1. Give me the Å³ per residue figure for the convex hull around the C-alpha atoms of the range 130-223.
2. With springs only between Cα atoms under 10 Å apart, run a GNM on the chain and tell me which of 213, 51, 145 wobbles the most.
3. What ³J(HN,Hα) values, in whole Hz, does the Karplus curve 6.51 cos²θ - 1.76 cosθ + 1.60 give for the range 125-135 when θ = phi - 60°, with x put for Gly and Pro?
4. Going by amide H atoms built from the backbone, whose H comes under 5 Å of the H on residue 174, apart from near neighbours?
5. Only bridges with both residues in the chain count here: give the DSSP antiparallel percent, nearest 5.
6. When the gyration tensor of the range 66-111 is built from Cα positions, what are the square roots of 5 times its three eigenvalues, in whole Å, from largest to smallest?
7. Got a sec to turn the phi values of the range 48-58 into Karplus ³J(HN,Hα) couplings, 6.51 cos²θ - 1.76 cosθ + 1.60 with θ = phi - 60°, whole Hz, x for Gly and Pro?
8. Tell me, 76, 1, 93 in order of fewest to most beta-carbon neighbours within 10 Å?
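What follows draws every value from the coordinates through simple rules; no lab data is involved. Note that the coordinates shown come from a computational prediction; the quantities given were computed from them, not determined experimentally. Ideal geometry is used to build each Cβ from the backbone, glycine not excepted, and the neighbour counts take in all protein chains shown.
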Amino acid sequence: MTIIGIIGAGEVGRHIARAAIANGHQVVLANSRGPETLGSLIEELGPSARAATAAGAAAAGEFVVIAVPLKMVNDMPVNELAGKVVIDTNNYMAVRDGHYPIIDSGEKTEHELRQEQLPTSKVVKAFTHIQAPRIITWGRPAGSADRLALSASSDFPEAVELVTRLYDRFGFDTVDNSPLSESWRTRPGQPAWMQERQTRPELIANLASARRAVQEFGVTTII
Ligand SMILES: NC(=O)c1ccc[n+]([C@@H]2O[C@H](COP(=O)([O-])OP(=O)(O)OC[C@H]3O[C@@H](n4cnc5c(N)ncnc54)[C@H](OP(=O)(O)O)[C@@H]3O)[C@@H](O)[C@H]2O)c1
């Protein structure tokens, strides 16, 4: 039974927790306000869940999910995440997060930045182009004609392999969209993000048809 640390107990964190528990895992969940504020969620999730600080969840997890928007100044526990696969569900949304010029200019993807912030971890972008509640309702057994696919991007093949096993347990196929520099292909607004239900061939086609928007001096160019 794997213990999964989950930092972020909002829409994504709690639905990944539900899927993980349904598949026999234990979860340790954290938010920004402290474990004492997660009582009702832990009660609802049952004995396979407990609450901790972000550092506590990171330390407890064999691997860790970060379901928290990216901040330019790192707010994740680097030391406790060292050596671990870190599944980052963050989608960069300038309307919510503010504009990050280093991302808008195309210099770095948001997940390359997360990797830089966590240099001793193995960051993998996953679960970003599915609405959180679908994680527990859209899974299908392997080989089903209507089984959907989700992407994973990382600079570490072993991190993609871990996500592939997790997706498979949750009922999804995987399309490897590595490395992290290519992770913009599933960004909000791209075809793979817009079309939520995608079989593996559809997701591969949508990743290939992505077009990168680069913004400099207030001018947006599609490259
Ligand atoms: N919602 C979706 O369907 C969906 C799907 C795919 C990807 N995403 C992306 O996944 C990320 C999370 O989305 P969400 O919808 O789950 O957000 P959300 O509902 O707003 O939840 C965010 C969670 O992160 C916690 N948090 C924020 N800063 C933290 C910190 N420094 N340390 C620990 N916890 C912290 C918040 O805790 P407090 O409440 O205590 O502040 C909250 O529990 C976003 O980047 C989003 O774009 C969302």
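1. Values: hull volume 9.3 nm³, N = 94.
Per residue, the Cα convex hull of the range 130-223 comes to 99 Å³.
2. Result for the chain, Cα springs under 10 Å: 145 fluctuates most.
3. For the range 125-135, the Karplus curve yields 7, 7, 6, 9, 10, 9, 5, 3, x, 5, 4 Hz.
4. Correct list: 150.
5. Details: 7 of 30 bridges.
Approximately 25 percent, going by the DSSP bridge assignments.
6. Working: eigenvalues 91, 25, 19 Å².
Value: 21, 11, 10 Å, ordered largest first.
7. For the range 48-58, the Karplus curve yields 7, 10, 9, 9, 8, 6, 4, 5, x, 5, 5 Hz.
8. Values: 76 22, 1 8, 93 13.
Going from sparsest to densest Cβ surroundings: 1, 93, 76.
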